[in-house]
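Below is one structure, written out as structure tokens, with a few remarks after it.
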Amino acid sequence: MKRIGCAILAVLMLGMIFAGCGSVDSESNMIFVEKKGKVQTVDIEEFDKSYYSEEDFKTFAQEAIDEYNKSHEVDAITLTEFVVKDEVAKLKMEYKSVSDFRNFNEITLYQGSVTEAVSEGYLFDVDFSKVEKGEVIGKATRSDVLAEEGLSVVIIKANTNVMVEGTICYVSTANVTVTGNDTVAIYDEQNTSLNTDVCTYIIYK
């Protein structure tokens with residue numbers, strides 16, 4: 001299915017659709033990946049053009065979600081909030097699984113244990129940084145990551161902010177800035193589109 005962000009960009013010229021247990025809130029674009037696989041997203045975009053229609057935007061987004069849900073599990077995707085205030089729009093969506101997020105948005109996203117990820121073919125063949133208390137404290141190797149037991153991983157190919165349900169221990173170094181105990185910002189200066197070719201690994205416990 002064509003990614004809703006692209007579809008709405010074409011129709012309303014608004015921008016990409018995105019977001020992120022419990023109820024995550026954010027003042028910037030965020031994808032929140034829970035350990036059990038549920039995904040919540042928050043997208044913040046300017047909504048300052050006279051031809052933007054709040055009702056049309058919400059209707060278009062809901063129709064795309066309904067179309068997906070008809071051929072998948074009921075309520076696989078839910079639009080949980082759409083508000084416009086001071087010419088800024090906030091859209092919050094919830095996905096029952098990582099696969100629902102991946103299929104709907106056509107963006108690579110994986111969540112599971114490090115052991116499971118390796119068995120599914122992810123190579124972890126990148127440079128890593130070790131993280132403590134939300135700060136990078138030094139370099140790490142693939143062997144360091146694979147040797148530590150009980151770790152989970154989120155793997156994504158996208159320029160966005162990501163939150164995990166846990167404490168980050170390692171991150172891949174390319175295009176990644178650690179912004180907190182459980183958050184990172186991903187930005188590829190060579191490719192500023194939403195989708196990227198670079199696999200970002202976020203390892204946490």
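Taken together, the values in this text are just the output of simple stated rules run on the coordinates, not laboratory data. None of these values were measured; they are calculated from a predicted model. Glycine also receives a Cβ, built like all others from the backbone with ideal geometry; neighbour counts cover every protein chain displayed.
List of remarks:
- Taking a straight line from the alpha carbon of Lys35, these aspartates and glutamates sit under 12 Å away, with near neighbours fewer than eight places off in the same chain left out: Glu165.
- Pairs from the list Lys49/Lys96; Lys70/Lys205; Lys130/Lys157 with a Cα-Cα gap above 26 Å: Lys49/Lys96; Lys70/Lys205.
- Sparse-neighbour loop sites [chymotrypsin sites (Phe, Trp or Tyr not before Pro); segment 42-123; at most 14 other C-beta within 10 Å; DSSP]: Tyr51
- Potential extension, Glu120-Thr177 segment - 0.36 nm per residue separation minus Cα distance: 17.9 nm
- Fraction of the pair-distance distribution of the chain above 21 Å, Cα-Cα pairs, percent: 52 percent
- Using θ = phi - 60° in the Karplus curve 6.51 cos²θ - 1.76 cosθ + 1.60, the 3J(HN,Hα) couplings for segment 165-182 round to 8, x, 10, 5, 10, 9, 9, 5, 7, 5, 6, 10, 10, 6, 10, x, 4, 10 Hz; x is entered for Gly and Pro.
- Sparsely packed loop sites in segment 113-168 (the trypsin sites (Lys or Arg not before Pro) outside DSSP H, G, I, E and B with at most 10 other Cβ atoms within 10 Å) comprise Lys133.
- Potential extension, Gln190-Thr141 segment - 0.36 nm per residue separation minus Cα distance: 15.2 nm
- Taking every DSSP helix (H) stretch of at least 4 residues in the chain, weighting each as -39,500 (n - 2.57) and dividing the sum by the residue count yields a mean residue ellipticity at 222 nm of -6500 deg cm²/dmol.
- C-alpha center-to-center spacing [segment 110-151, segment 45-78] in angstrom: 36 Å
- Debye equation applied to the C-alpha atoms of segment 28-94, log10 I(q)/I(0) at 0.11, 0.29 Å⁻¹: -0.30, -1.28
- Using only side-chain charges placed at the Cβ, +1 for Lys and Arg and -1 for Asp and Glu, the dipole size of segment 75-202 relative to its Cα centre rounds to 100 debye.
- Förster radius 22 Å - calculated FRET efficiency between Asp48 and Glu106 (Cβ-Cβ, nearest 0.05): 0.20
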